[in-house]
Amino acid sequence: MNTQTADSVFIRACRRLPVSHAPVWYMRQAGRSLPEYRALRAGVAMLDACANPEMITEITLQPVRRHGVDAAILFSDIVVPLRAAGVGVEIRPGVGPVIDRPIRAAADLAVLRDLDPGDVGFVDRAVRMLTAELGGVPLIGFAGGPFTLACYLIEGGPSKNFDRTRALMYGAPELWDGLMSRLADITTGFLRVQAEAGVSAVQLFDSWAGVLSVEDYRRSVLPFSSRIFAALGEYGLPRIHFGVGTGELLRVLGEAGADVVGVDWRVPLDEAARRVAPGKALQGNLDPAVLLAPWAVIEERAREVLRLGRTAESHIFNLGHGVLPDTDPDMLTRLTELVHSVPARSLS
């Protein structure tokens with residue numbers, strides 16, 4: 001555990017300790033809407049940027065400098081460990097991750113080898129550079145959840161409903177378990193590199209888990225997510241679990257072993273607090289589209305999120321998904337200042 005950040009408002013909130021105000025950071029704050037990010041990334045492919053320690057460091061720091069958020073999140077992508085483990089993958093602008101050889105049969109699993117820490121040495125270096133720069137500001141490491149990674153590997157790219165993935169999960173359970181087991185190991189290895197390099201917390205983005213029923217998630221995904229969180233327990237870092245459209249899964253997401261459950265914008269935080277078992281902090285959950293509205297609307301909605309967040313044992317302010325590319329950065333700065341101005345026990 002990074003001792004410099006142990007008493008930060010973000011880490012205290014993750015641990016359900018008293019705080020002066022709700023901490024705030026934003027998913028996809030590193031990049032996306034910032035002009036300085038676009039200037040730095042000009043002509044540089046996404047996965048090349050994610051393999052450059054100096055570029056990772058600068059992009060991660062940009063929103064901390066501009067917005068004054070309470071935590072940084074490592075600039076990376078969920079497919080980085082897949083590429084490092086031997087998968088042919090590229091991120092096509094306007095499309096997303098595209099896989100050279102989708103996994104559809106047992107023989108296809110051979111493309112997924114074990115992840116060696118040296119395969120992602122650039123991440124280790126970037127984290128060490130960042131922690132030196134950030135001082136008392138926590139750095140959040142992250143990885144994609146096994147189900148979400150499986151979706152890309154099976155579909156071959158982005159999909160609306162992940163029909164092939166669910167069909168394989170239903171019809172080829174042995175292949176499914178073999179794939180998910182390998183992905184759990186790769187994800188654990190990737191997060192271990194970050195933990196040992198000095199991140200203060202980790203978040204597992206199982207972005208597409210919301211396409212599953214509770215029973216299918218419990219049977220076919222929960223064991224592998226739980227394995228990852230259990231393996232990270234030795235580091236003593238707060239662990240965050242987040243997925244999109246997971247309102248029906250909030251209780252079982254909490255069962256996976258994280259300390260903080262992320263909530264998207266579809267479920268009010270007071271209802272989320274009822275659905276998640278005791279002993280968890282909540283993170284969220286302003287609709288990212290609200291940030292495209294006038295300031296008066298943003299302020300009203302943000303104050304309501306803060307008010308409902310008081311029903312949780314602890315609350316970390318965030319969006320219900322990532323920052324949209326068209327977001328005015330000044331609105332994010334102003335929103336951060338608003339959240340910081342509202343005392344944790346006086347939300348009028």
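The values are calculated or read from the model by the stated rules, or taken from the named source; none is laboratory data. The shown structure was predicted, so the numbers you read here are calculated from the model rather than taken from an experiment. Using ideal geometry, Cβ is built from the backbone for each residue, glycine included, and neighbour counts are taken over all protein chains shown.
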In the range 158-203, the residues that are in contact (Cβ under 8 Å) with a residue 60 or more places away in the chain, touching a Phe, Trp or Tyr at 6+ places or on another chain (Cβ under 8 Å) and of a type in the set (A, V, I, L, M, F, W, C) | Leu168, Leu183, Ala201, Val202
Identify all residues within the range 181-223 that are more than 13 Å from Arg239 (Cβ to Cβ), in a loop (DSSP other than H, G, I, E, B) and touching a Ser or Thr at 6+ places or on another chain (Cβ under 7 Å); write none if there are none.
-> Gly198, Ser207, Trp208
Can Asp100 be described as loosely packed, with under 15 Cβ neighbours inside 10 Å, out of contact with any helix residue (DSSP H, G or I) (no Cβ under 7 Å at 6 or more places or on another chain), over 30 Å from Glu337 (Cβ atoms) and at pLDDT 95 or above?
-> no
Outside any helix (DSSP H, G or I), under 19 Å from Ala85 (Cβ atoms), touching a residue at least 24 places away in the same chain (Cβ under 8 Å) and among the basic types (Lys, Arg): does that describe Arg113?
-> yes
Sort through Leu253, Leu269 and tell me the only one that's in contact with a helix residue (DSSP H, G or I) (Cβ under 9 Å, 6 or more places away or on another chain) and either over 17 Å from Ala184 (Cα atoms) or surrounded by fewer than 21 Cβ atoms within 10 Å (Cβ to Cβ) (or both).
-> Leu269
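Table: residues versus (1) part of a loop (DSSP other than H, G, I, E, B); (2) at pLDDT 95 or above; (3) at negative phi; (4) more than 18 Å from the chain's Cα centre (by Cα).
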| site | (1), (2), (3), (4) |
| --- | --- |
| Arg12 | no, yes, yes, yes |
| Arg16 | yes, yes, no, yes |
| His21 | yes, yes, yes, yes |
| Tyr26 | yes, yes, yes, no |
| Gly31 | yes, no, no, no |
| Glu54 | no, yes, yes, yes |
| Thr57 | no, yes, yes, no |
State which residue pairs qualify: first residue part of a loop (DSSP other than H, G, I, E, B) and inside the range 270-283, second residue among the β-branched types (Val, Ile, Thr) in any location, beta carbons under 7 Å apart, and separation of 6 or more residues or different chains.
-> Val276/Val261; Lys280/Val260; Lys280/Val261
How many of the residues in the range 122-179 are in a helix (DSSP H, G or I), surrounded by 18 or more Cβ atoms within 10 Å (Cβ to Cβ) and within 22 Å of the chain's Cα centre (by Cα)?
-> 20
